[in-house]
Every structure is written in structure tokens, then in C-alpha cells.
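The values are calculated or read from the model by the stated rules, or taken from the named source; none is laboratory data. What you see is a predicted model; the values in this text were computed from it and never measured. Backbone-built Cβ (ideal geometry, glycine too); neighbour counts: all protein chains shown. To get the accessible areas, we keep the full protein, side chains included, count just its heavy atoms, and leave off ligands, DNA and RNA. Shrake-Rupley method; radii C 1.70, N 1.55, O 1.52, S 1.80 Å.
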Amino acid sequence: RDFGDAAFIYESMGQLEDAIEVFEDRKRRLTAAGSSSNAFGFRIFGAFRAAIEQRRDDTFAIFTEMEDFPDPEGMYYMGRSMAHVGEPEMALLGLGYAVDRGFFCYPFFVRDAWLDPMRGDARFVETLRRAEAKWREAKRAFDAHPGSRVLSVG
């Protein structure tokens, strides 16, 4: 699975040209594999590229078409993208959906710079609290399981 995570890393370092090139590379590979321009991969790469370039209208249009996307982690990425382009209502919907359906990686929520515009919103703070509670509950369950000793680090 390769949804262009490297592009987000490049963007975080201020290397926008490298970030865009990641998406161009993915488009070339999708085309070579025979995908149509309406395929999911083209749409998701287009939305993430638009978000990185802070093209609000394009980001909003693509993600609005995909708002029933069933993957909670994907909804997190959609929510963070909407926050980045100044769409707090859509961001809150995506982030809330992600947490409620199983993606509650609290460290992501806390450290993601694209979520910074949301940090003063009480609704985001509540979403963050829900993510933390679920994350801590999962961590406690993992730590209590005998398998945690096999997989522990340090």
C-alpha cells in the first residue's frame, strides 16, 4: 500500500517540489498499470496534492465525493487535509469519524501540525480526549496480555 506518505514527510520539511513529485510518480505508476483517471488512487492522490498545495476548493470537492469512505485511517487523513485548507467543519467530521470507527492514534492527533488550526476548538479538544481515552484503553489491554511481553521493546 503506497498512498504517498513520503509526500507528507517532504511537505513537513518544506520540500514542496519533492512532495508533488511523489504524487506525479504515483500517477505515472497507476497509468502504467492501466488505471483510469477516475480510479480511487487518482482521486485520493489528487486530493492530497491539492491539500499540500492548499487548494481549498479542489481538496473540498474531492473529499466531499469521498465522505462515506469506510477506512477510519483514511478519514483521519481526509480530516487533517480539510483542517489544513481551512475547512474546520469537514475536518471535525472526518476526525470524529476516524476516532469513532477505530483510528485513535493519539500521538498522531497531538503532533500533527496540520491539526494546529483546530486546537482551540472545543469540539476538536473533545475528539482529542476521545482518541486519548481509546488509545490508553488499547494500550492497557495490550500491556495486560501475555503477548505484550513477547513484543515489548526495551
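Observations on the model:
- Once divided by 2.2 N^0.38 Å, the Cα radius of gyration of region 94-154 becomes 1.30.
- Charge sum, other residues only, whose C-beta stays under 10 Å from Arg101's C-beta, Lys/Arg counted +1 and Asp/Glu -1: -3
- Region 28-154: C-alpha pair distances exceeding 26 Å, %: 32 percent
- Structure-based [θ]222 nm, the chain - -39500 (n - 2.57) summed over DSSP H runs of at least 4, per residue, nearest 500: -22000 deg cm²/dmol
- Nearest-20 debye value, the chain charge dipole, Cβ charges on Lys, Arg, Asp, Glu: 600 debye
- Accessible carbon and sulfur surface of region 1-112 relative to its total accessible area, %, 1.4 Å: 52 percent
- The residues neighbouring Phe60, those whose beta-carbon lies less than 12 Å from its own, together hold a net charge of -4 under the Lys/Arg +1, Asp/Glu -1 convention.
- Extension gain from Arg123 to Gln15, taking 0.36 nm per residue of separation minus the Cα-Cα distance: 35.7 nm
- Computed extension length for Met66-Ala141: 23.7 nm, one decimal, from 0.36 nm per residue of separation with the Cα-Cα distance subtracted.
- Kyte-Doolittle mean at least 1.0 and Cα axial length at least 15 Å: DSSP H helices in the chain: 40-52
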